[in-house]
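Inspection log for the structure reproduced underneath, given as structure tokens.
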Amino acid sequence: MRNKMMCGALVLMSLLTSFLFAQDQIATMSPAKPKIGDQIAIAYNTSAKSAVLRDAKGITAELLLAKSSGDMPQLLELPMKKDGGLWKASFKLADEKTRMLLLRFTSGDEKDDNGEKSWETMVYGANGNALEGAHLMRASMVRSGSYIDFKLTKDAEAVQKELAMEKELYPLNVAAVFMQWSLMLRESPGDETKAKIRSELDALYLKNSTKDDLLSQFASMYQQIGMKDKADEIRKGAIAANPKGKAAEGVHLSEVYAERDAAKRAVLMEKFLGDFPQEGMNKENYENTLASFRMTASMASKNYDEAFAALESMPKKNGNMYNSLAWALIEKGEQLDKAVSWAKKGVDLLKNPDQSTKPGYLSARQWKKSNDMTLGMILDTYAFGLFQLNKMQEAETAYEEAVTLTSGAQADVNQRLVECYVKNGKYDKAMATAADFIQKGKANDKILEAYKAAYVKVKGSDKGFDTAVAQAKETAKGDLKKDLAKGRVNKPAVDFALKNLEGKIVKLSDLRGKVVVIDFWATWCGPCKASFPYLQQVYNKYKDNPKVVILAVNTWENVSGKEKEDLVKKFMADNKYTFPVLYDEGFVEKYGVDGIPTKFVIDKKGMIQFKTIGFTGEKMVEEMIMQFEMLLDDNFYSSLN
């Protein structure tokens, strides 16, 4: 199987820091300005009107410790004890690198994160000021609207205030300046912005040109404003001055990841580890990365035994990578006995996961969910190998477990289970299972073929089959419509006037009365490129419909000006895509985009109704068609209210 984010002034105050309890507050942390070494008390008020977990039998406080110096965050799961209408927990804040605390509460699958505005506070020093890096960290969080999977309120004004405060309290922390420059480039790309940044950058670099730990950041910023020669000069100078320093380490590591040839990349990584020895978790992670590079290189040369040996050399073995190796052979029906044994090894690893491999920022529940999905995928690989070896009952058992673990969300896994039922002569079960997958919108054409084969075996002919399928599809269509309606955004779209590939201006407000898709993308973005064949399918279907407009807005490219225009035009021509493309001018920020691809579907009144982040696979076509049907209907409700 291939591997595929208050009701009252007192509540608002509790979002920003910690305050004394009031009747309508949901949660508090105290002291209000926590310091390293403090005992932190947490309380959850089930009597508050907005409390989600009012009737919970047990509550866990999930507290994320966001840390400085590049350290990974740590999630604390604190069981709470009930005391009247309050649930309480406490812990000692001991980690000196902690800069912010983010809080939410869970009870089983239920979660209270303050309406996607996690409670949060900075960590303070003895002088009452936030520790160095805390304001900078909060600026980053409120800019993106999230940290790990903790949600916060996006606030552009707060970003600038936090950066200003960081610079005022800690003028030597140049990271705040780098972030301001990056924001300027995102919001107002162009020569004027670059010229302004260069003037400030030159002055700051002169003051810090001997600080090895900052040189990589200076080089990167010079490159972002189009001064590649200056960036290369800084990197070469850093390596010459301190061949084993942080800047040199960063340069050499960048060279590793820039290499596209798998075998050469493995050689470069091995040399990097020899030149820059790592310790502890870093050492283990890099050694695992080296092994994965070796595996990829061996698979590229079809030396699968060598690839397996590379996996076996990993300090922390990764069951998912055994899946990648096994699938390469099982998909083609080659060396099946060996490939199935490798898949089985991955299954065993994932069924008995090494607890030390759990990321510190994930809860036990989140980690289990992730492992279950990964285990389901490799069980599908394992079952497919057994199927081809004609070990049909074993294959059926593995497929059933795979579908359960993936919650029936993967159409190709579902397909192979139905095909296995048919092969095993379990036609009634195949029919019922196929119909269920179709009704849930988790089917593909091959499921329909297997369904029909089972139907004919049971009924003696295909009479009535098309009606049964149509009924199941109608149910799926109705459910999809309900799901999409629940996720409506219903917010005004920001107007823009952007150039298309031909240099003509396209203004969003001129398209009022039409359904408009805005798809933010870049030529370097893998998921963007993966989605484009499907976007082309949708465009082909609606290109003659004057009420539908699809606009792919190119953004966040690593080049600018004519170089960018030439790059985008070549990309479109090489791939024979014909949907319209616009060049972004900072509107990606105004639309609050955190990552690409991100699609917005705007109704005839200029309101954003649907937002999709990432690439959702084949179902993207079905979803977009349903979205268009809903928005083209004159009865569709849209207003500012």
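The values are calculated or read from the model by the stated rules, or taken from the named source; none is laboratory data. Here the structure is a predicted model, which means the values were calculated and not measured. Neighbour counts are summed over all protein chains in view; Cβ atoms, including those assigned to glycine, are modelled from backbone coordinates with ideal geometry.
Numerical summary
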quantity	calculated
Test for residue 425: is it farther than 16 Å from residue 387 by Cβ, in a loop (DSSP other than H, G, I, E, B) and not hydroxyl-bearing (Ser, Thr, Tyr)	no
Those residues of the stretch 81-116 which are touching a helix residue (DSSP H, G or I) at 6+ places or on another chain (Cβ under 7 Å) and under 13 Å from residue 51 (Cα atoms), in sequence order	114
Residue ID - nearest to residue 353 (Cα to Cα), chosen from residues in the stretch 295-338 that are in a helix (DSSP H, G or I) and among the acidic types (Asp, Glu)	312
Selection within the stretch 126-151 - farther than 19 Å from residue 72 by Cα and touching an Asp or Glu at 6+ places or on another chain (Cβ under 9 Å)	130, 143
Of residues in the stretch 405-420 being closer than 21 Å to residue 336 by Cα and not hydrophobic (A, V, I, L, M, F, W, C), the one nearest to the chain's Cα centre (by Cα)	412
First in the stretch 304-333 and within 15 Å of residue 348 (Cα to Cα) and modelled with pLDDT under 95, second anywhere and in a loop (DSSP other than H, G, I, E, B) and acidic (Asp, Glu), Cβ under 7 Å, 6 or more apart	316/354
Set 266, 297: member being crowded, with 20+ Cβ neighbours inside 10 Å, out of contact with any Gly (no Cβ under 7 Å at 6 or more places or on another chain), hydrophobic (A, V, I, L, M, F, W, C) and more than 23 Å from residue 378 (Cβ to Cβ)	266
Any hit, the stretch 129-140, residues being assigned by TED's automatic domain parsing to the domain that holds residue 60, in contact with a strand residue (DSSP E or B) (Cβ under 9 Å, 6 or more places away or on another chain), part of a strand (DSSP E or B) and within 19 Å of residue 31 (Cα to Cα)	yes
Looking only at the stretch 173-198, and only at residues there that are among the aliphatic types (A, V, I, L, M) and at pLDDT 90 or above, the one that is nearest to the chain's Cα centre (by Cα)	179
Only one of 432, 383, 402, 395 that is closer than 22 Å to residue 329 by Cα, more than 29 Å from the chain's Cα centre (by Cα) and part of a helix (DSSP H, G or I)	395
Count - residues of the stretch 444-472 that are small (Gly, Ala, Ser) and either within 22 Å of residue 392 (Cβ to Cβ) or in the same structural domain as residue 620 (by TED's automatic domain parsing) (or both)	3
Single residue of the stretch 231-287 satisfying the filter (in a helix (DSSP H, G or I) and of a type in the set (S, T, N, Q)) that is nearest to residue 72 (Cα to Cα)	282
Check on residue 131, touching a helix residue (DSSP H, G or I) at 6+ places or on another chain (Cβ under 9 Å) and farther than 24 Å from residue 593 by Cβ	no
Given (1) in contact with a Lys or Arg (Cβ under 6 Å, 6 or more places away or on another chain); (2) surrounded by fewer than 15 Cβ atoms within 10 Å (Cβ to Cβ), number of the condition residue 465 does not satisfy	(2)
Residue among 603, 594 that is among the acidic types (Asp, Glu), surrounded by 15 or more Cβ atoms within 10 Å (Cβ to Cβ) and under 28 Å from the mean Cα position of the chain (by Cα)	603
Of residues in the stretch 586-626 being in a loop (DSSP other than H, G, I, E, B) and in contact with a strand residue (DSSP E or B) (Cβ under 6 Å, 6 or more places away or on another chain), the one modelled with the lowest pLDDT	593
Selection status of residue 219, in a helix (DSSP H, G or I) and more than 27 Å from residue 291 (Cβ to Cβ)	yes
Residue in the stretch 537-545 that is at positive phi and in a loop (DSSP other than H, G, I, E, B) present	no
Residue among 128, 145 that alone is under 21 Å from residue 183 (Cβ atoms) and either surrounded by fewer than 22 Cβ atoms within 10 Å (Cβ to Cβ) or in contact with a Leu (Cβ under 6 Å, 6 or more places away or on another chain) (or both)	145
Hits in the stretch 152-167 (condition: buried (at least 18 other Cβ atoms within 10 Å of the Cβ) and either β-branched (Val, Ile, Thr) or closer than 23 Å to residue 113 by Cβ (or both))	152, 159, 162
Any chance residue 606 is closer than 30 Å to residue 226 by Cα and in the same structural domain as residue 495 (by TED's automatic domain parsing)	no
Members of the stretch 40-74 that are under 18 Å from residue 137 (Cβ atoms), touching a helix residue (DSSP H, G or I) at 6+ places or on another chain (Cβ under 9 Å) and surrounded by 21 or more Cβ atoms within 10 Å (Cβ to Cβ)	66
Filtered residues of the stretch 245-282 (kept if within 21 Å of residue 314 (Cβ to Cβ) and either touching a His at 6+ places or on another chain (Cβ under 9 Å) or of a type in the set (Val, Ile, Thr) (or both))	256, 267, 268, 271, 272, 276
In the stretch 483-518, the residues that are assigned to a helix (DSSP H, G or I) and of a type in the set (Asp, Glu)	483, 510
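Residue-by-condition table, conditions (1) within 25 Å of the chain's Cα centre (by Cα); (2) of a type in the set (Phe, Trp, Tyr):
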{"residue": "529", "(1), (2)": "yes, no"}
{"residue": "532", "(1), (2)": "yes, yes"}
{"residue": "543", "(1), (2)": "no, no"}
{"residue": "567", "(1), (2)": "no, no"}
